[in-house]
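J.: Handing you a structure now.
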Amino acid sequence: MGTSVSLAVYIVIEVLIALVSVLGNILVIWAVIVNQALRDTTFFFIVSLAVADIAVGALVIPLAIIISIGLETEFYSCLMVACIMLILTQSSILALLAIAVDRYLRVKIPTSYKSFVTARRAVVAITGCWVLSFIVGLVPMFGWNNISSLRKEQNSTFGEIIITCEFETVISMEYMVYFNFFVWVLPPLILMLIIYLEVFNLIQRQLNKKVSSSSKDPHKYYGKELKIAKSLALILLLFALSWLPLHTLNCITLFCQTCSTPMIITYIAIFLTHGNSAMNPIVYAFRIEKFRFTFLYIWKKYFCCKSGRELNRANTTNVERSCSKHVL
């Protein structure tokens, strides 16, 4: 009974995370469509991340729920479901890394940034991230999986293998730890740490230059740069908190086969990885003023009750004007 209750709670929380992730990231894309000021190369990366996070909410989480139920299915059908989850979660990680690199370039080469990071190069980078995500996620389909061990257990050399569809049943822990974590999760995390430390260093240098200049207002500049620094720190912190716990559990499973992990700990680790997709709109969009004003414009124009007196044409016009003023 306890297992059934915990499974039900898990499914409810996953559904809530999926709704927040899908709606929040749709709003991000909607804002880019509505506000022409948002259509530059920086926001190509943000839209790519939003698409990946929508896919996490719309596909990965429902598939994770299906796997948690433990349906009886053919091995490769279950494996494909698991690979789709790996592809989409990997695309989200690579999108985060692409945004980190883009943020670094904005600080490192502010004068030549627009000529260096063109729309064409941004599209190529985004396409490369998605292609790489498919390659990484589909590796188990090409042989790095658990079918050999399952055939030995069932004394079956050929034919279909019917299993209870669970992630660890079809996906090799060697793949998850040695290839997925040690190659495609941990290095991006370390790289982002290095990038953001360098960004902080560059920001501090610029701050010192501005502070020493009497012709500029150092307090205004300091407030702007401090806000950027806090956003970057929050991005890195959320990424680490979201992804490291689950991969740590995978390492424990691989290296300590006698160790048992409570199911509640596993559920929390999964929630964190999926919840990162729901948090990204807040981190990357809600902290940017022109996004906030565009969200307000969308809310007032499309959702607010127009029959009431609280919203009139003057208010809508003011919000629309505000959208055009707030350019990053």
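J.: Starting from residues that are free of Cβ contacts under 8 Å to residues at least 40 places away in the same chain and part of a helix (DSSP H, G or I), keep the ones in region 104-120 and report whichever is most open to solvent (accessible area, probe 1.4 Å). I'd like the intermediate steps shown before the answer.
T.: Residues of region 104-120 that are free of Cβ contacts under 8 Å to residues at least 40 places away in the same chain, as a first pass: 105, 109-113, 115-116, 120.
This time we only want the ones that are part of a helix (DSSP H, G or I), so: 105, 113, 115-116, 120.
Working: Leu105: 35, Tyr113: 12, Ser115: 85, Phe116: 101, Arg120: 196 Å².
Step by step, filter region 104-120, then rank; the result is Arg120.
J.: When residues of region 73-87 are filtered for being open to solvent by 20 Å² or more (accessible area, probe 1.4 Å) and in a helix (DSSP H, G or I), how many remain? Break it down into steps so the answer makes sense when it comes.
T.: Looking only at region 73-87, we keep the residues that are open to solvent by 20 Å² or more (accessible area, probe 1.4 Å), and these are 73-74, 76-77, 80-81, 84-85.
Now restrict to residues that are in a helix (DSSP H, G or I): 76-77, 80-81, 84-85.
Count: 6.
J.: Let me ask something else. Could you check region 154-179 and list, in sequence order, the residues that are part of a helix (DSSP H, G or I) and at pLDDT 85 or above? Don't jump to the end; show me each part of the working.
T.: Here is the first cut: in region 154-179, the residues part of a helix (DSSP H, G or I) are 154, 167-170, 173-179.
Those that are part of a helix (DSSP H, G or I) and at pLDDT 85 or above: Phe167, Glu168, Thr169, Val170, Met173, Glu174, Tyr175, Met176, Val177, Tyr178, Phe179.
J.: Would you call Val9 open to solvent by 70 Å² or more (accessible area, probe 1.4 Å) and not charged (D, E, K, R)?
T.: Working: open to solvent by 70 Å² or more (accessible area, probe 1.4 Å): yes; not charged (D, E, K, R): yes.
It is true that Val9 is open to solvent by 70 Å² or more (accessible area, probe 1.4 Å) and not charged (D, E, K, R).
J.: Ok, one more. What pairs come up if the first residue lies in region 133-151 and is aromatic (Phe, Trp, Tyr) and in a helix (DSSP H, G or I), the second is at pLDDT below 95 and surrounded by 15 or more Cβ atoms within 10 Å (Cβ to Cβ), and their beta carbons are under 7 Å apart, counting only those six or more places apart or on different chains?
T.: Phe134/Ile87
J.: Being at pLDDT below 90 and either of a type in the set (Phe, Trp, Tyr) or in contact with a Phe, Trp or Tyr (Cβ under 7 Å, 6 or more places away or on another chain) (or both), is that true of even one residue in region 51-70?
T.: Looking for residues that are at pLDDT below 90 and either of a type in the set (Phe, Trp, Tyr) or in contact with a Phe, Trp or Tyr (Cβ under 7 Å, 6 or more places away or on another chain) (or both), one finds at least one in region 51-70, hence yes.
J.: Moving to a separate point now. May I ask you to verify whether Val101 is surrounded by fewer than 18 Cβ atoms within 10 Å (Cβ to Cβ) and either over 20 Å from Met176 (Cβ atoms) or free of Cβ contacts under 8 Å to residues at least 24 places away in the same chain (or both)?
T.: On the way: surrounded by fewer than 18 Cβ atoms within 10 Å (Cβ to Cβ): yes; either over 20 Å from Met176 (Cβ atoms) or free of Cβ contacts under 8 Å to residues at least 24 places away in the same chain (or both): yes.
Taking the combined requirement at face value, the residue satisfies it.
J.: Collect the residues in region 267-299 that are modelled with pLDDT of 85 or more and of a type in the set (Lys, Arg), keeping them in residue-number order.
T.: Residues satisfying the conditions do not exist here.
J.: Something else: Exactly one condition in (1) surrounded by fewer than 19 Cβ atoms within 10 Å (Cβ to Cβ); (2) under 26 Å from Leu191 (Cα atoms) is false for Ala95; which is it?
T.: Of (1) surrounded by fewer than 19 Cβ atoms within 10 Å (Cβ to Cβ); (2) under 26 Å from Leu191 (Cα atoms), only one is false for Ala95: (1).
J.: Taking the conditions exactly as written (buried (at least 19 other Cβ atoms within 10 Å of the Cβ), of a type in the set (A, V, I, L, M, F, W, C) and modelled with pLDDT of 85 or more), does Leu150 satisfy them or not?
T.: Values: buried (at least 19 other Cβ atoms within 10 Å of the Cβ): no; of a type in the set (A, V, I, L, M, F, W, C): yes; modelled with pLDDT of 85 or more: yes.
Judged against the criteria, Leu150 is not a match.
J.: For the condition in contact with a helix residue (DSSP H, G or I) (Cβ under 6 Å, 6 or more places away or on another chain), open to solvent by less than 20 Å² (accessible area, probe 1.4 Å) and over 20 Å from Ile84 (Cα atoms), what is the one hit in Ile29, Ile46? First the steps, then the outcome.
T.: On the way: Ile29 fails: open to solvent by less than 20 Å² (accessible area, probe 1.4 Å).
Only one candidate qualifies: Ile46.
J.: Go over the candidates Phe200, Phe182 one by one and state the one that is of a type outside the set (D, E, K, R), assigned to a helix (DSSP H, G or I), under 30 Å from Arg39 (Cβ atoms) and open to solvent by 50 Å² or more (accessible area, probe 1.4 Å). Give the steps one after another, and end with the answer.
T.: Values: Phe182 fails: under 30 Å from Arg39 (Cβ atoms).
The unique qualifying residue is Phe200.
The values are calculated or read from the model by the stated rules, or taken from the named source; none is laboratory data. Computed from a predicted model, the values in this text were never measured in an experiment. Backbone-built Cβ (ideal geometry, glycine too); neighbour counts: all protein chains shown. Areas reflect the complete protein model, heavy atoms only, side chains present, ligands, DNA and RNA absent. Shrake-Rupley method; radii C 1.70, N 1.55, O 1.52, S 1.80 Å.
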